[in-house]
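Report on one structure; see the data block that follows.
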Amino acid sequence: MCGRYTLYTDPKRLRERFDAEPDRPLERRYNCAPGQELPVITGEDPDRMQFFKWGLTPAWADEEQGLINARAETVDRKRSFADAYESRRCLVPVDGFYEWADRGDGKRPYRVAFEDDRPFAVAGLWERWEEPTRQTGLAEFGSGGANEDSSTLETFTIITTEPNDLISELHHRMAVMLPPDCEADWLHGDPEAVVDLLEPYPDDELTRYPVSERVNSPTNDDPSLVDPIST
């Protein structure tokens, strides 16, 4: 799975890289975690970075679900993701992600990134869910039933696939990393065609290294988390 990532690239560079303006000031993040509002770029509005909650809730759900990952092998037909795969794909800007490897004495965190630490996009899906909050009164003029106020929740999930050789020693899944020239295809391409993008990214430009176990807690979010440590 992909359960934590980093996004500490200089905000100006990030805006230029994705040619998109954020809805709010970008902050350097060293421990992005599920449940947090994080920047995404949707096919519906590709010139903006919008802040959605990590953990997808399908539009039809009765309650919030918080699905942080979707499997590439079933994303086009699993009920929770099929509609979003059809028409609500997004880019999730990141500059690295964490995986935990079992080294025999417990799981230890590693960071995976490009060797030059450049930002990239992972493939995501997004949804807009209307959460019923309260009933406001009786029906008028025989229209039937009480009215409900609702609040809108916008959420996203990250798609995972089989790992490449570099990551396979850490975990049995990895986030789908998109080459820059495929990002527009992911946002706007035909659903039957973009399935070919959901492949493991080649590992020849990637690096991995152990980091502090402080990353285990999402309350920790500071530059020291991405520093290599000796094991």
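Brief remarks follow.
- Among the residues of the range 85-101, those that are of a type outside the set (Lys, Arg) and closer than 14 Å to ILE41 by Cα comprise SER87, CYS90, LEU91, VAL92, PRO93, VAL94.
- A search for C-beta distances below 8 Å between a residue of the range 3-23 that is in contact (Cβ under 8 Å) with a residue 40 or more places away in the chain and any residue that is hydroxyl-bearing (Ser, Thr, Tyr) and surrounded by 15 or more Cβ atoms within 10 Å (Cβ to Cβ), counting only pairs 6+ apart in sequence or on different chains, returns GLY3/TYR98; ARG4/TYR98; TYR5/TYR98; THR6/TYR30; THR6/TYR98; TYR8/TYR30; ARG17/THR9.
- Taken residue by residue, the range 3-15 has no member that is crowded, with 20+ Cβ neighbours inside 10 Å, in contact with a Ser or Thr (Cβ under 7 Å, 6 or more places away or on another chain) and either over 27 Å from TRP100 (Cα atoms) or basic (Lys, Arg) (or both).
- Of all residues in the range 184-198, none satisfies being among the acidic types (Asp, Glu), under 14 Å from ALA72 (Cβ atoms) and touching a Ser or Thr at 6+ places or on another chain (Cβ under 9 Å).
- Residues satisfying the stated conditions in the range 39-91, i.e. of a type outside the set (Phe, Trp, Tyr) and part of a helix (DSSP H, G or I): ARG79, SER80, ALA82, ASP83, ALA84, GLU86, SER87
- Considering the conditions (1) surrounded by 16 or more Cβ atoms within 10 Å (Cβ to Cβ); (2) of a type outside the set (Ser, Thr, Tyr); (3) farther than 24 Å from LYS53 by Cβ; (4) at pLDDT 95 or above, ALA184 is excluded by exactly one of them, (1).
- Of everything listed in (1) modelled with pLDDT of 95 or more; (2) in contact with a helix residue (DSSP H, G or I) (Cβ under 8 Å, 6 or more places away or on another chain); (3) not polar (S, T, N, Q), the single unmet condition for ASP203 is (1).
- Subset of the range 79-106 that is among the basic types (Lys, Arg) and surrounded by 14 or more Cβ atoms within 10 Å (Cβ to Cβ) - its residue that is nearest to ARG208 (Cα to Cα): ARG89
- Condition met for GLU63 (exposed (fewer than 14 other Cβ atoms within 10 Å of the Cβ) and touching a Pro at 6+ places or on another chain (Cβ under 6 Å)): no
- Residue count for the range 181-207, restricted to those that are in contact (Cβ under 8 Å) with a residue 24 or more places away in the chain and within 18 Å of THR160 (Cα to Cα): 14.
- From the list GLU27, GLU44, the lone residue that is of a type in the set (D, E, K, R) and over 29 Å from GLU205 (Cβ atoms) is GLU44.
- Here SER150 fulfils each of the conditions (1) over 19 Å from ASN31 (Cα atoms); (2) under 19 Å from the mean Cα position of the chain (by Cα); (3) modelled with pLDDT under 95 apart from (2).
- Residues (in contact with a strand residue (DSSP E or B) (Cβ under 7 Å, 6 or more places away or on another chain) and under 18 Å from ARG4 (Cβ atoms)) located in the range 32-51: CYS32, PRO34, GLY35, GLN36, GLU37, LEU38, PRO39, VAL40, PHE51
- Test set (1) part of a loop (DSSP other than H, G, I, E, B); (2) under 21 Å from ARG71 (Cβ atoms) - PRO228 fails condition number: (2)
- Top-ranked residue in the range 107-134 [being under 24 Å from LEU91 (Cβ atoms) and of a type in the set (Lys, Arg); ranked as surrounded by the most Cβ atoms within 10 Å (Cβ to Cβ)]: ARG111
- Members of the range 193-223 found to be assigned to a loop (DSSP other than H, G, I, E, B) and β-branched (Val, Ile, Thr), listed by number: VAL211, THR219
The values are calculated or read from the model by the stated rules, or taken from the named source; none is laboratory data. Model, not experiment: these values are computed from the prediction. Counting neighbours? That spans all protein chains shown, and the Cβs are built from the backbone with ideal geometry, glycine included.
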